[in-house]
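What follows is a structure written as structure tokens; I'll ask about it next.
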Amino acid sequence: MVGPVRPQFVLFGSSIVQFSFSNEGWGATLATLYARKADIFLRGYSGWNSRRALQVLDQIFPKDAPIQPSLVIVYFGGNDSVHPHPSGLGPHIPLPEYIENMRKIALHLKTLSEKIRLIFLSAPPVNEEQIREALSDKMEKPNRTNESCRIYSEACLELCRDLDIKAIDLWTAIQKRDDWLTECFTDGIHLSSEGSNIVVKEITKVLTEAEWEPSLHWKSLPAEFGEDSPYDPVSPDGKATVNVSELCFGGNIQWE
């Protein structure tokens with residue numbers, strides 16, 4: 001392991017997580033925001049549901065690890081919500097089992113450390129027409145609906161309320177945009193840069209409002225090796241240097 005040791009943030013979930021470093025994704029943006037402040041670990045597995053995640057939970061998050069994450073952001077639900085296939089194959093998980101699986105994931109993570117913090121992401125909406133156009137040649141007739149995503153999203157949110165876990169209602173947040181159907185997806189399921197921007201804004205909102213000690217908001221964490229140096233870029237007056245350790249080049253988007 002390289003040092004110095006920084007806070008560890010783990011993104012754990014299915015393809016919404018695995019692809020979060022693609023298409024100017026939300027994982028990549030978090031890595032940019034937390035550069036020199038925290039290490040972002042990607043544990044995303046395309047196609048996975050909550051049952052499969054539970055089967056390997058101890059391997060991904062061993063209780064005896066010498067360093068435990070400071071924050072875990074968890075997303076499962078979209079694949080679970082796919083309608084059942086007559087063959088019994090496929091990712092569908094009945095709603096009661098999904099709720100119980102997510103409960104077990106949450107309780108396991110809570111046991112890792114007294115200081116670990118959790119954020120659960122609920123199932124985002126989908127563009128059913130775009131799914132049919134983009135994926136019909138790759139798999140049998142797509143059977144994921146926006147309504148089923150809503151049901152699983154609400155179940156996740158209710159569970160988080162019961163367990164006192166921070167949760168983000170992606171199903172609602174994304175649909176607040178008037179043009180969400182056309183701008184927020186690459187294929188009707190996975191997020192475009194615009195969709196990912198919504199995810200990051202919702203995450204930073206939680207980190208801003210959470211009364212966690214210590215705070216995990218990116219502005220509150222110190223920059224690694226952030227002391228002034230004569231080797232920093234020279235200021236416009238030519239008499240001093242500019243400490244760039246806290247600069248975040250995030251394009252035109254202003255993060256909280």
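Is one or more of the residues making up region 235-242 over 28 Å from Y98 (Cβ atoms), in contact (Cβ under 8 Å) with a residue 12 or more places away in the chain and assigned to a helix (DSSP H, G or I)? Walk me through how you get there before you give the answer.
First, pick out the residues of region 235-242 that are over 28 Å from Y98 (Cβ atoms): 235-242.
Remaining after also requiring in contact (Cβ under 8 Å) with a residue 12 or more places away in the chain: 241.
Pick out the ones that are also assigned to a helix (DSSP H, G or I) and you get none.
Looking for residues that are over 28 Å from Y98 (Cβ atoms), in contact (Cβ under 8 Å) with a residue 12 or more places away in the chain and assigned to a helix (DSSP H, G or I), one finds none in region 235-242, hence no.
Related question: Which pairs turn up if I take residues in region 58-85 that are without any contact (Cβ under 8 Å) to a residue 24 or more places away in the chain and look for partners that are surrounded by 13 or more Cβ atoms within 10 Å (Cβ to Cβ) and assigned to a loop (DSSP other than H, G, I, E, B) with beta carbon separation below 9 Å, at least 6 apart in sequence or on another chain?
Hits for this filter: P62/L112; P84/G90; P84/H92; P84/N143.
Out of everything in region 185-230 that is open to solvent by less than 60 Å² (accessible area, probe 1.4 Å) and of a type in the set (V, I, T), what residue ends up being nearest to N243 (Cα to Cα)?
Here the residue is T204.
Go through region 79-108 residue by residue and tally those that are within 15 Å of A167 (Cβ to Cβ) and touching a Cys at 6+ places or on another chain (Cβ under 7 Å).
1
Pull out all pairs, ordered by first then second residue, where Cβ-Cβ is under 6 Å, the residues are six or more apart or on different chains, the first lies in region 202-221 and is closer than 18 Å to S113 by Cβ and touching a residue at least 24 places away in the same chain (Cβ under 8 Å), and the second is outside any loop (DSSP other than H, G, I, E, B) and open to solvent by 30 Å² or more (accessible area, probe 1.4 Å).
Between residues of region 202-221 that are closer than 18 Å to S113 by Cβ and touching a residue at least 24 places away in the same chain (Cβ under 8 Å) and residues that are outside any loop (DSSP other than H, G, I, E, B) and open to solvent by 30 Å² or more (accessible area, probe 1.4 Å), the close pairs are W212/R117.
Checking the condition closer than 28 Å to T208 by Cα and either hydrophobic (A, V, I, L, M, F, W, C) or open to solvent by less than 20 Å² (accessible area, probe 1.4 Å) (or both), which residue from I93, I105 passes?
On the way: I93 fails: closer than 28 Å to T208 by Cα.
Testing whether each residue is closer than 28 Å to T208 by Cα and either hydrophobic (A, V, I, L, M, F, W, C) or open to solvent by less than 20 Å² (accessible area, probe 1.4 Å) (or both) leaves just I105.
Considering only residues of region 28-47 that are free of Cβ contacts under 8 Å to residues at least 60 places away in the same chain and of a type outside the set (A, V, I, L, M), which is surrounded by the fewest Cβ atoms within 10 Å (Cβ to Cβ)?
Looking at the filtered set, the residue picked out is G47.
Let me ask another. For L207, are the conditions met, namely being more than 29 Å from L71 (Cα to Cα), in a helix (DSSP H, G or I) and modelled with pLDDT of 95 or more? Break it down stepwise before answering.
Numbers: more than 29 Å from L71 (Cα to Cα): no; in a helix (DSSP H, G or I): yes; modelled with pLDDT of 95 or more: yes.
When the stated conditions are applied, L207 does not pass them.
Based on this model, can you work out whether I119 counts as touching a strand residue (DSSP E or B) at 6+ places or on another chain (Cβ under 6 Å) and either outside any helix (DSSP H, G or I) or among the hydrophobic types (A, V, I, L, M, F, W, C) (or both)?
Numbers: touching a strand residue (DSSP E or B) at 6+ places or on another chain (Cβ under 6 Å): yes; either outside any helix (DSSP H, G or I) or among the hydrophobic types (A, V, I, L, M, F, W, C) (or both): yes.
Yes: the conditions hold for I119.
Looking at region 152-199 only, could you name the residues that are among the aromatic types (F, W, Y) and outside any helix (DSSP H, G or I)? Working first, answer last.
Within region 152-199, the first condition is being among the aromatic types (F, W, Y), and the residues that meet it are 152, 171, 180, 185.
Residue satisfying the conditions is F185 alone.
Restricting to region 48-90, name every residue that is modelled with pLDDT of 95 or more, in contact with a helix residue (DSSP H, G or I) (Cβ under 9 Å, 6 or more places away or on another chain), open to solvent by 40 Å² or more (accessible area, probe 1.4 Å) and under 30 Å from E128 (Cβ atoms).
Result: R51, L54.
The values are calculated or read from the model by the stated rules, or taken from the named source; none is laboratory data. The structure presented is a predicted model; accordingly, all values stated were derived computationally and were not measured. Heads up, the Cβs are rebuilt from the backbone with ideal geometry, glycines too, and the neighbour counts pull from every protein chain shown. Note: accessible area is taken over every heavy atom of the protein model, side chains too, but ligands, DNA and RNA are not part of it. Shrake-Rupley method; radii C 1.70, N 1.55, O 1.52, S 1.80 Å.
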